[in-house]
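Participant: Quick one: the structure is below, and I'll ask about it shortly.
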Amino acid sequence: PAVTSPCKILKCNSEFWAATSGSHHLGTEEAPEFCTALRAYAHCTRRTARTCRGDLAYHSAVHGIDDLMVQHNCSKDGPTSQPRLRTLPPGDSQERSDSPEICHYEKSFHKHSAAPNYTHCGLFGDPHLRTFTDTFQTCKVQGAWPLIDNNYLNVQVTNTPVLPGSTATATSKLTIIFKSFQECVDQKVYQAEMDELPAAFADGSKNGGDKHGANSLKITEKVSGQHIEIQAKYIGTTIVVRQVGRYLTFAVRMPEEVVNAVEDRDSQGLYLCLRGCPLNQQIDFQTIRSAQATEGRARRKGPSLPASPEAFTYETATAKCREKLPVEDLYFQSCVFDLLTTGDVNFMLAAYYAFEDVKMLHSNKDKLHLYERTRDLAPSNTAPSGPPPTLWVALLCLSQCWLGLL
């Protein structure tokens, strides 16, 4: 428990937070009170310095105090009396007493700090990847691949062929490792597989363990066997895992600071949510989709799925996807692609729920839909080579005019 730890930095943090928190911003008339609280905070950190030398929270607090002193023109000399603690709002005391401030990412941002920026990554279907930078790719990535790998969290997916002998793959296994973090959580492992979406960690627990801030990591079952949500408040992260049909989907909302918390960014080349799929694993989505539209039917290899899926034509697949995805964005196009590739109607639901998760998790509501571009495309969405259609029309007109003159 935090109360028995020799390093008392959490106590210093909570005392400062309690002294300076309120429902309004500090005005100029309150600057002396704020500076007094800062000096008391600095005094508290000095008292516990000897036992906190290796504690990251301690060093962060020390640097933060120096910055705040400069921002608010506070003198290091002056009164350091312990500030009067403010009364906690009704109904809020339980959460705050259960979890130290360091175990609640958003609360660690005081009112003088800018709000954190959040990003989103999702993986669904055959499989389609939306990265933290809103790049959309369709990939092969058969076998086990790291989806996220930073100082706090590791996520690995395993993709298997949807049909024997086919290049179409989907996520059949998901492993999430929450690394042990200070006074907040013990290391926890979550595993899901086809037809097994547990509502608990691998050890049977539903929170972060025995530490003081254990409740800052929780699993909630939304729909039995189909939808779970993991809240990791200590890193400001929300994860949604679904089983749709036989396969899994993954979606996450994570602060940029956590996304980029890696020891060596140059070694993170296969961290799919950050860097995307390797070039040799990317599928030329636009070219294949055009071929599908031209052929008007799916090319399927191997025996049928156990569920005896429909044999979709381009027209029937388009109509089916439009039932759930009326906007013809990349989620809609992914749905059509997957129905033609697999014949499994559950892939339509996977695309639908993936977009529903984007609506819930993405912080920028203007970027919910992604559309295929015809210029400056990413490698995964390379447009077919050759002149654009308007140029072909111009050339055709010129040739006809020339023949008329002859």
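Participant: Go through segment 294-342 residue by residue and tally those that are assigned to a helix (DSSP H, G or I) and at pLDDT below 80.
Facilitator: Number satisfying all stated conditions: 2.
Participant: Looking at Thr158, Thr133, Thr171, can you tell me which residue is within 21 Å of Arg275 (Cα to Cα), among the hydroxyl-bearing types (Ser, Thr, Tyr), open to solvent by 10 Å² or more (accessible area, probe 1.4 Å) and not in a loop (DSSP other than H, G, I, E, B)?
Facilitator: Thr158
Participant: Another question about this same structure. Scan segment 170-216 for residues that are of a type in the set (A, V, I, L, M) and within 21 Å of Ser60 (Cβ to Cβ) and jot them down.
Facilitator: Result: Val185, single match.
Participant: Separate question: Give segment 202-233 a look and list any residue that's open to solvent by less than 10 Å² (accessible area, probe 1.4 Å) and out of contact with any Leu (no Cβ under 7 Å at 6 or more places or on another chain), or say none.
Facilitator: Matches in segment 202-233: Gly213, Ala214, Ser216, Leu217, Ile230.
Participant: Does any residue of segment 235-242 turn out to be open to solvent by 40 Å² or more (accessible area, probe 1.4 Å) and either in contact (Cβ under 8 Å) with a residue 12 or more places away in the chain or within 19 Å of the chain's Cα centre (by Cα) (or both)?
Facilitator: No, segment 235-242 contains no residue that is open to solvent by 40 Å² or more (accessible area, probe 1.4 Å) and either in contact (Cβ under 8 Å) with a residue 12 or more places away in the chain or within 19 Å of the chain's Cα centre (by Cα) (or both).
The values are calculated or read from the model by the stated rules, or taken from the named source; none is laboratory data. Remember, it's a predicted structure, so these values are computed and weren't measured experimentally. When we count neighbours, we look across all protein chains shown, and the Cβ atoms used for this are built from the backbone with ideal geometry, even at glycine. SASA here: full protein model, heavy atoms, side chains in, ligands and nucleic acids out. Shrake-Rupley method; radii C 1.70, N 1.55, O 1.52, S 1.80 Å.
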